[in-house]
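The values are calculated or read from the model by the stated rules, or taken from the named source; none is laboratory data. Every value quoted in this text rests on a predicted model; they were computed, and no experiment measured them. Every residue, glycine as well, gets a Cβ built from its backbone with ideal geometry; the counts of neighbours run over all protein chains shown. All accessible areas refer to the heavy atoms of the entire protein, side chains included, with ligands and DNA or RNA removed. Shrake-Rupley method; radii C 1.70, N 1.55, O 1.52, S 1.80 Å.
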Amino acid sequence: MKSEKLFELASRYMPGGVSSPVRAYKPYPFFTTRAKGSKIYDVDGREYIDYCLAYGPLVLGHGNEEVKTAVRDQLESGWLYGTPHEKEIELAKKIIAHYPSVEMVRFVNTGSEATMAGIRLARGFTNRDKFVKIEGGFHGAHDSVLVKAGSGATTFGIPDSKGIPKDSVKNTLQAPFNDAAALSSMLERNSGEVAAVIIEPVMGNVGPIPPEEGYLSEVRKITKENDVLLILDEVITGFRLALGGAQEFYGIDADLTILGKIVGGGFPIGVFGGRRELMELVAPSGAVYQAGTFSGNPVSITAGLKTIEILERDGVPEEINACGERIRNALREIMSDSGVEGYVSGVGSMFKVFFSPSGKEVKNYADALRCDKNRYMALFHKMLDSGVFLPPSQFETNFISFAHTNEDMGMTIEAYKANTCVFG
Ligand SMILES: *Cc1c(COP(=O)(O)O)cnc(C)c1O
């Protein structure tokens, strides 16, 4: 296998042989030569239907032709200016149109950067140091949020990374998801000291865990009552659940919104935005410093603009979400027919089979940690052999794109049927 050889080589030059931990799995990850639409192809000539989709950004699938043309045209005019350009205004206006709670934005390069700056801004605005994150919530790989962090940090058993000074996380408080009462009492205990609550409206980095009915509006109410800012990390849900993200989908608002992934159309991006009064504190108009060489680069902005333009066409997000509903229903049927203990979770175009004890519902981080990771990885490998690429961790979300066809769905459901039965 060429992938195996390349992985050996890669492991000599890069820690774990990869550029980001989530990509590594045993015995070795496949190496990709190309990807198009719903499919990804490896160096050994195999084709897979892709539900990993680069962990979220590729809502239109791989290599969308319209995005490609727009980016090509942009390349003719240059790819990095280090000066303002007009398309930044266009993308800012589009975001603001879809997110009523956002009046101004700052473009950065990754979701990590955006949450780091968002938290800094909340602290700068309130003159308070503490903030609350949700257990298992993932907001990128910077110091203050790597406490009980999801994604690769959980997959590899290092939710609290080494190398982070205690001082950097002493102001990071943790509350469980789907438990408004716990958040409320935490804010009361720390009254006057908490700058913000940062939360993924649908937990996306321990597998998708949707909010229970009323939970998010309760979080909004509690943060307001306690005079604490609410930062919605919509890096995954933004432009996916709906054009207006979880805010539109669940009918809530935020003080600060974090976007990334989809909003760059497959190119690096992050965005933080919110009310004018808050955003005007950002340098150079205010005293909260934030800067970046590649921020607002015309390639990412162009790809993001074209992607949103396509999503704005009649019924596109709804169609992608309907595929999610179809696959979740099929998976529930497969699980109950086969008698396999597990729970099918998700919302919109996000889904996951959790091998939870007695098929119990997964409502938060603690529930996710109780699931059988080994069983999930066995399923992962069987699905891979059947030509379906799921994310290689019990704690990552499956995504569906606009490029996934009915035929893809049908083949995927058949593959689950054949492979899940093995565990019966
Ligand atoms: C992916 C992700 C991030 C980090 O984004 P990067 O671009 O990988 O830095 C932050 N928050 C959430 C919810 C994410 O899923």
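Modelled with pLDDT of 95 or more and within 14 Å of the ligand (Cβ to nearest atom) - does that describe any residue in region 122-129?
The answer is no; no qualifying residue exists.
List the number of the failed condition for Ile308; all other conditions in (1) under 29 Å from Phe272 (Cβ atoms); (2) of a type in the set (A, V, I, L, M, F, W, C); (3) open to solvent by 10 Å² or more (accessible area, probe 1.4 Å) hold.
(3)
Just to be sure I understand the filter: pairs with C-beta atoms under 6 Å, separated by 6 or more residues or on different chains, first member in region 110-125 and under 16 Å from Thr293 (Cβ atoms), second member away from the ligand (no atom under 12 Å from the Cβ) and at pLDDT 95 or above. Which pairs pass?
Qualifying pairs under 6 Å: Ala117/Gln290.
With within 12 Å of the ligand (Cβ to nearest atom), charged (D, E, K, R) and within 23 Å of Lys352 (Cα to Cα) as the only criterion, which of Glu200, Glu113, Glu135 stands out?
Unique residue meeting the criteria: Glu200.
In region 74-91, which residue that is touching a Gly at 6+ places or on another chain (Cβ under 8 Å) and closer than 17 Å to Val263 by Cα is surrounded by the fewest Cβ atoms within 10 Å (Cβ to Cβ)?
Ranking the candidates gives Glu88 first.
I need the helices (runs of 4 or more DSSP H) fully contained in region 257-370, keeping only those with at least 2 residues that are within 15 Å of the ligand (Cβ to nearest atom), within 13 Å of Phe239 (Cβ to Cβ) and touching a residue at least 12 places away in the same chain (Cβ under 8 Å).
Here the list reads 298-311.
Looking only at region 1-40, filter to residues that are surrounded by 13 or more Cβ atoms within 10 Å (Cβ to Cβ), more than 23 Å from the chain's Cα centre (by Cα) and of a type in the set (Phe, Trp, Tyr); which one of those is nearest to Lys382 (Cα to Cα)?
In this case the residue turns out to be Tyr28.
Restricting to helices (runs of 4 or more DSSP H) lying wholly in region 139-254: which have 1 or more residues that are under 27 Å from Pro57 (Cβ atoms) and open to solvent by 10 Å² or more (accessible area, probe 1.4 Å)?
Helices (runs of 4 or more DSSP H) meeting the threshold: 152-155, 215-225, 245-250.
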